[in-house]
Amino acid sequence: MTVAARLGQSLPKVDNVALATGSARYVGDLRPAGLLHGRIVRSPLAHAMVLGVDASAALALPGVVCVIRPEDVADLPGFSLAHIKDQRVLAADRVRFVGDPVAAVIAVSEAIAEEALDLVIVEYQELPAVFDGEAALAADAPVIHPEPLDGVDGNVCWRQVCRAGDIDAAFAAADLVLRERFRTSKAHAMPMETHGALAEWDAAEEHLTLWSSTQNAHTLRDDLADTLGLARSRVRVIKPYVGGAFGHKEGLHSHEALAALGAMRTGRPVRFLLTRHEEFGATVSRNVMVRDVELALRNDGTVLAWRERIVQDCGAYASISPSVLALSEFVTVGPYRTPALDIQGVVAYTNTPPAGAFRGFGNPQATFTRELMFDIAARRLGLDPAEFRRRNLLRSEDLPGTTANGLRLQTLPIGECAERAMAAIDYDGLRRARIPWRGVGIVNMIEWGGSCRWHPGYDADTGSVTVTMAPDGSLTLGTDAADSGQGHATLFTQIAGEILGVRADQVRVVMADTDATPWGLGTYGSRTAVVQGSAAYRALTLLRDRLAVVAAHLLEADERDLVLEAGRFVVAGTDRGVPVGDVAAVIHYDRSALPPGMEPSALVVSATWDEPNEIPDANGRGSFSGNYSCSTTIAVVDVDPETGKVTVVDWACAEDVGRALNPAIVTTQLQGGIAQGIGFALGEELILDESGTLMNGSMADYQVPTSLMIPLMEERLIHVESHDPVHPMGHKGIGESGITPPAAAIACAVFDAIGVPITSLPISAEKVRAAILARVGSQR
Amino acid sequence: MRERRITLLVNGAPVTRTLAVESLLRDFIRDDLGLTGTKAACDDGMCGACAVHLDGAPVKSCLVLAVEADGRAITTIEGMGRPGALHPVQAAMAEAFAIQCGFCTPGMVMTIAAFLEDNPDPSTDQIREALVGNICRCTGYVRIVQAARAAAQAGRALRATRAGLASDPAGGKP
Ligand code: FES
Ligand code: FES
């Protein structure tokens, strides 16, 4: 490649060759000498006291090197992804879900470690358990965390409100009030690579290295060091290649601490790789929400007010569930004019596997609820769903502006999204066609297009980039961002090409290595392009300015007259120029050529981006994200009236991307998210039996979409470019945009097809069939 | 633990090893041969990340015992293409943006390459059918199907210019 990649081009991913040839190394592919393998003994009971752990039989098995028991880690502090530190490395005295870690076995092979699991004898005293969020809030429900915890009250883990406007007046003025209950499912992110971590302890250097399949090397490093009682600088976390994450590889997990403890105890490298079953049963899933809605309307379809009560099930540990609820509430009324709202939610502990972050983070649940509620209202009022929405959408005269609950909107081209999606799929034609058992669903959503300041524990929403220019003008870019397939290295390469004119083969991107890259919160939400991308823009611009001073001196020109062309600083309008690499060499080596008073130096510039957003107030009012994006999605489904099976036959989505920095990556992020959203809509759900044991913890039983389930959407995925003024390159985050609308769009389409709303996810064939039979029965 | 000595061709090179009779071919490839491009992503033969070629035919290597490969030839992703000389399917995957995290990619490449050998001019629906045993959680399959289509086209073009004399540039298969 001879020219620099620019923004707006679909530069092929720079890690394509490593990934295509299988040479990319994930944590399970690392092969250090003397490697030991760990496995976790997990509770078979949903709620019990742990009376004792007898490891003698396991230790007697040849090949078992050590067993870590609760008493070995009893002194270690609690930890959590967020502020409620309710997790322990091993369940100290109490287990709270089937799968809670009780002990760990470390052996010379995975097979021996596995064999030893059954030889660890744990004595339990079973306690009554509760598996449902609403049941957990009953006065006589067993209390899951009786220990004192920040703000926890019984099984109430967290309360969150979002209120604005005069709700009572709005309901009093309504022509029509509709009530409905919605329920969402416990879906799992199921990345193809399960969680894994490998630790090495250097006793002489007192330095721990942990390779982990993580999204946040730095905060994981901090929490791990604090848990182990080490200075944070004595712990190095490195993210190797990661095989998908989708939000659920955030923060510290027990297996990471156990790998570290095992390495410190044995003096040998120790790895834990979760099995697929453990991945399903013991890592976070999407929060189940039960949402009771009251919608106040005028007869012309105008939405006057939204009242809602939410019970959100976080499972046995809080993780980041409080934030999931908060964000879900903040986006509940969507891109619509809603003068009054009153949303009150509770996060409840239950004896189920913990829930928390999963791509979409509360928005899929909110969007499903709102959009299906709107279709129920539209049908009641005899309005076309698109027309009902058009009457309520935010309009261009509302922008820039602030919504009732305080979201500061700069650009939000929802009207354009709706028009373009409808045109792309010929919405009116679909409506006219009226094919039996075919349904059309049209939904809008609002999304945090920036990053969110809603991480209790930090009033910072940062990511960082350090750029180091070598004396030949090539560049190393280090960042806390943690790619798990999104194409971050490609994006940073393009930004460097745009600002400094460096070619892709001159750029090396280093990500998420705490000894080599600057501190930041890592990758989650849709934040990397906006946060670390903006930090990269800043750092590269500063570096360019530093180079330009010297270039101007070398060219005896005014700095303001210089332009960067094909890797050279050129005096505008002349052919006098100097290659960037020559300038970098002078800065490193040649004092005599530098401007007077300037000393030779290394060329290193760091910059951090703190997202311009705020922590909402006690009423949930505030602009929690740096900016907002929106989309319109139209799903077309066919329902088989005999079986209830729903098939997605067509799809259109117009998405506000701000500006597409790499259009192919934007499109493929949307495609992947939509596919996951279709899985969420139609079938994905962890199912527990009455003892809280996971029934479908395998790939055969937990059915994610296959190539046959996903429509080959391509040309109807439309990028709407609103050019965001908040971020210097004009783009918005799109990582989560795909997954949010599908459950809503498919629910609305199925309602259109069968005339009955399916208000609980997933929209399984059984539910659809039952709804059809009930409707036929009622018409007789 | 019963052991057995096996000899096989791995990406064209002869290999002899002694191993436990119950070892899965997948684990033999990853742990004994150190060829970690072949991935393990499930316990029940459902994901396809472990796909390799056994005597040219695609198999899920977690559903085959290593001893079954005795006297036979296996090709893994490492035998398909190299930096600078990618297999046409690898090149098509890269070009189509069909690779996100890459964890499913080796299995996808092996499955698609074998499928195109037998079906040089497949329809889009045939490609979708062929991929049903390979799970990808990142891409939604759209671009993978596109890549397979592009690779089929490139393969047909190549065959046309070489008048049917083409040998597999990866050297993994006859
Ligand atoms: S690991 Fe072989 S099919 Fe999943
Ligand atoms: S690219 Fe990640 S699973 Fe396919």
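Tabulated data
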item	result
Inter-residue pairs, beta-carbon under 8 Å, first more than 9 Å from chain B (Cβ to nearest Cβ) and away from ligand 2 (no atom under 16 Å from the Cβ) and in the stretch A:698-720, second of a type outside the set (A, V, I, L, M) and in a loop (DSSP other than H, G, I, E, B), 6+ apart	A:720/A:413
Hey, residue A:665 away from ligand 1 (no atom under 16 Å from the Cβ), out of contact with any strand residue (DSSP E or B) (no Cβ under 9 Å at 6 or more places or on another chain) and more than 23 Å from residue A:286 (Cβ to Cβ) or not	yes
Residue pairs meeting the criteria (Cβ under 9 Å; at least 6 apart or on separate chains; first free of Cβ contacts under 8 Å to residues at least 24 places away in the same chain, in the stretch A:193-209; second of a type outside the set (Ser, Thr, Tyr))	A:202/A:208; A:205/A:234
Residue B:156 open to solvent by 20 Å² or more (accessible area, probe 1.4 Å) and facing another protein chain (nearest Cβ under 10 Å)	no
Those residues of the stretch A:684-725 which are open to solvent by less than 40 Å² (accessible area, probe 1.4 Å) and at pLDDT below 95, in sequence order	A:710, A:711, A:713, A:724
Meets criteria (on the phi > 0 side of the Ramachandran plot, open to solvent by less than 40 Å² (accessible area, probe 1.4 Å) and more than 14 Å from chain B (Cβ to nearest Cβ)) for residue A:99	yes
Pairs with Cβ under 9 Å, 6+ apart, first in the stretch B:47-62 and within 11 Å of ligand 1 (Cβ to nearest atom) and in a loop (DSSP other than H, G, I, E, B), second open to solvent by less than 10 Å² (accessible area, probe 1.4 Å) and among the basic types (Lys, Arg)	B:47/A:276; B:47/B:39; B:49/B:39; B:50/B:39
The stretch B:132-147 - residue that is surrounded by fewer than 24 Cβ atoms within 10 Å (Cβ to Cβ) and assigned to a loop (DSSP other than H, G, I, E, B) and, of those, nearest to ligand 1 (Cβ to nearest atom)	B:133
Any chance residue B:93 is out of contact with any Pro (no Cβ under 6 Å at 6 or more places or on another chain), crowded, with 18+ Cβ neighbours inside 10 Å and outside the structural domain of residue B:156 (by TED's automatic domain parsing)	no
Residue among B:105, B:124 that is away from ligand 2 (no atom under 16 Å from the Cβ) and of a type in the set (S, T, N, Q)	B:124
Residue list for the stretch B:63-95, filter: within 9 Å of another protein chain (Cβ to nearest Cβ) and within 15 Å of ligand 1 (Cβ to nearest atom)	B:76, B:77
Residue check for residue A:169: under 30 Å from residue A:368 (Cβ atoms), away from ligand 2 (no atom under 16 Å from the Cβ) and more than 14 Å from every other protein chain (Cβ to nearest Cβ)	yes
Leading residue by the ranking (farthest from the other protein chains (Cβ to nearest Cβ)) among those in the stretch A:453-506 that are in contact with a Cys (Cβ under 8 Å, 6 or more places away or on another chain) and not polar (S, T, N, Q)	A:461
Count - residues of the stretch B:116-150 that are touching a residue at least 12 places away in the same chain (Cβ under 8 Å) and within 12 Å of chain A (Cβ to nearest Cβ)	20
Residue selected from the stretch A:450-471 under the condition among the polar types (S, T, N, Q) and surrounded by 24 or more Cβ atoms within 10 Å (Cβ to Cβ), by the criterion farthest from residue A:730 (Cα to Cα)	A:464
Strands (runs of 3 or more DSSP E) fully within the stretch A:121-197 counting 2 or more residues that are among the β-branched types (Val, Ile, Thr) and buried (at least 16 other Cβ atoms within 10 Å of the Cβ)	none
Tabulated pairs, the stretch A:571-596, first over 18 Å from residue A:499 (Cβ atoms) and assigned by TED's automatic domain parsing to the domain that holds residue A:503, second part of a helix (DSSP H, G or I) and among the β-branched types (Val, Ile, Thr), C-beta under 8 angstrom, 6+ apart or interchain	A:586/A:550; A:593/A:586; A:594/A:550; A:594/A:586; A:594/A:587; A:595/A:549; A:595/A:550
Of the criteria (1) surrounded by fewer than 24 Cβ atoms within 10 Å (Cβ to Cβ); (2) within 16 Å of ligand 1 (Cβ to nearest atom), which one residue B:3 fails	(2)
Test: residue in the stretch B:96-106 that is more than 16 Å from ligand 1 (Cβ to nearest atom), among the small types (Gly, Ala, Ser) and free of Cβ contacts under 8 Å to residues at least 40 places away in the same chain	no
Residues within the stretch A:577-627 that are within 30 Å of residue A:736 (Cβ to Cβ) and out of contact with any Lys or Arg (no Cβ under 7 Å at 6 or more places or on another chain), tallied	11
Residue count for the stretch A:485-498, restricted to those that are surrounded by fewer than 23 Cβ atoms within 10 Å (Cβ to Cβ) and either out of contact with any strand residue (DSSP E or B) (no Cβ under 6 Å at 6 or more places or on another chain) or acidic (Asp, Glu) (or both)	1
Residue satisfying condition, being within 22 Å of the chain's Cα centre (by Cα) and in contact (Cβ under 8 Å) with a residue 24 or more places away in the chain, within set A:234, A:276, A:307	A:276
Members of the stretch A:161-192 found to be without any contact (Cβ under 8 Å) to a residue 40 or more places away in the chain and either assigned by TED's automatic domain parsing to the domain that holds residue A:699 or under 18 Å from residue A:366 (Cβ atoms) (or both), listed by number	none
Residues of the stretch B:6-27 satisfying the condition of being within 16 Å of the chain's Cα centre (by Cα) and more than 7 Å from ligand 1 (Cβ to nearest atom)	B:9, B:10, B:11, B:12, B:25, B:27
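Residues checked against (1) among the aromatic types (Phe, Trp, Tyr); (2) out of contact with any Pro (no Cβ under 9 Å at 6 or more places or on another chain):
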{"position": "A:454", "(1), (2)": "yes, no"}
{"position": "A:468", "(1), (2)": "no, yes"}
{"position": "A:474", "(1), (2)": "no, yes"}
{"position": "A:477", "(1), (2)": "no, yes"}
{"position": "A:484", "(1), (2)": "no, no"}
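The values are calculated or read from the model by the stated rules, or taken from the named source; none is laboratory data. Treat the numbers as computed from the prediction; the structure is a model and nothing was measured. Note that we place each Cβ from the backbone using ideal geometry, even for glycine, and neighbour counts take in every protein chain shown. Just the protein is used for accessible areas: all its heavy atoms, side chains included, with ligands, DNA and RNA removed. Shrake-Rupley method; radii C 1.70, N 1.55, O 1.52, S 1.80 Å.
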